[in-house]
1. Given the criteria in contact with a strand residue (DSSP E or B) (Cβ under 6 Å, 6 or more places away or on another chain), farther than 21 Å from residue 114 by Cβ and in a loop (DSSP other than H, G, I, E, B), does residue 22 qualify?
2. Among the residues in the stretch 133-141, are any on the phi > 0 side of the Ramachandran plot and not β-branched (Val, Ile, Thr)?
3. Conditions: (1) more than 22 Å from residue 23 (Cβ to Cβ); (2) in contact with a Phe, Trp or Tyr (Cβ under 7 Å, 6 or more places away or on another chain). Residue 39 meets all but one. Number of the miss?
4. So which of 101, 108, 135 is at pLDDT 95 or above and among the hydrophobic types (A, V, I, L, M, F, W, C)?
5. Is there any pair with a first residue in the stretch 71-92 that is under 23 Å from residue 31 (Cα atoms) and assigned to a loop (DSSP other than H, G, I, E, B) and a second that is away from the ligand (no atom under 16 Å from the Cβ) and modelled with pLDDT under 90 whose Cβ atoms are under 7 Å apart and which are 6 or more apart or on different chains, and what are they?
6. Please find, among 114, 56, the residue that is loosely packed, with under 12 Cβ neighbours inside 10 Å and in contact (Cβ under 8 Å) with a residue 40 or more places away in the chain.
7. Report, by residue number, each residue of the stretch 65-80 that is surrounded by 15 or more Cβ atoms within 10 Å (Cβ to Cβ) and farther than 20 Å from residue 127 by Cβ.
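The values are calculated or read from the model by the stated rules, or taken from the named source; none is laboratory data. Since we're looking at a predicted model, the values are computed, not measured. Cβ placement follows ideal geometry from the backbone for every residue including glycine, while neighbour counts extend to all protein chains displayed.
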Amino acid sequence: MPDWIVLIKPLPLAGETVIRLRRETLVVLDIIFELLPNQPPLGCSGIKIPATRSVEDYGDLTGKTLLGFCIRLYGATTSQLYEAVCATCEKREGILRKGPASLIDFHAQHDIIELSDGKIRVEFKFSCYPKCHQAGDNGYL
Ligand SMILES: [Zn+2]
């Protein structure tokens with residue numbers, strides 16, 4: 001992982017670099033703003049995340065300078081980009097008012113996360129496993 005992302009939890013088992021995740025595992029990352037490869041614009045106060053199912057409310061964007069944030073998942077073996085949950089997980093998650101399930105479900109009060117102490121804390125869960133796609137991947141990158 002680049003040095004501007006710090007994995008807070010879960011931590012890999014001793015001697016391993018791969019994290020084993022279950023759907024219910026909450027992943028917590030810190031983004032260290034001053035280590036970002038591209039300096040954020042002046043006055044930037046946080047990030048805007050996709051308003052997925054577990055984002056409770058929409059934040060007020062007025063007068064704020066925010067960075068867009070997204071997570072891309074690639075198969076560890078095939079390098080293929082995964083953008084949607086598989087049919088089985090789609091069925092399990094069901095289609096709610098907020099629309100179809102997304103691969104990454106952010107957990108946050110608002111879809112805006114403010115910078116605090118030079119860091120931004122991002123929490124999310126995966127809604128689908130790489131092996132679901134049956135394309136030969138057992139992990140995400
Ligand atoms: Zn799935």
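1. Working: in contact with a strand residue (DSSP E or B) (Cβ under 6 Å, 6 or more places away or on another chain): no; farther than 21 Å from residue 114 by Cβ: yes; in a loop (DSSP other than H, G, I, E, B): yes.
Criteria not met by residue 22.
2. So the first thing to find is which residues in the stretch 133-141 are on the phi > 0 side of the Ramachandran plot, and the list is 134, 136.
Narrowing further to those that are not β-branched (Val, Ile, Thr): 134, 136.
Yes, some residue in the stretch 133-141 is on the phi > 0 side of the Ramachandran plot and not β-branched (Val, Ile, Thr).
3. Every listed condition holds for residue 39 apart from (2).
4. Numbers: 101 fails: at pLDDT 95 or above; 135 fails: at pLDDT 95 or above.
The conditions single out 108.
5. 76/141
6. On the way: 114 fails: loosely packed, with under 12 Cβ neighbours inside 10 Å.
Result of the check over 114, 56: 56.
7. 66, 67
Let's see how each residue does on (1) of a type in the set (Lys, Arg); (2) under 19 Å from residue 1 (Cβ atoms); (3) within 16 Å of the ligand (Cβ to nearest atom):
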| residue | (1), (2), (3) |
| --- | --- |
| 26 | no, yes, no |
| 32 | no, yes, no |
| 45 | no, no, no |
| 49 | no, yes, no |
| 53 | yes, no, yes |
| 66 | no, no, no |
| 82 | no, yes, yes |
| 90 | no, no, yes |
| 106 | no, yes, no |
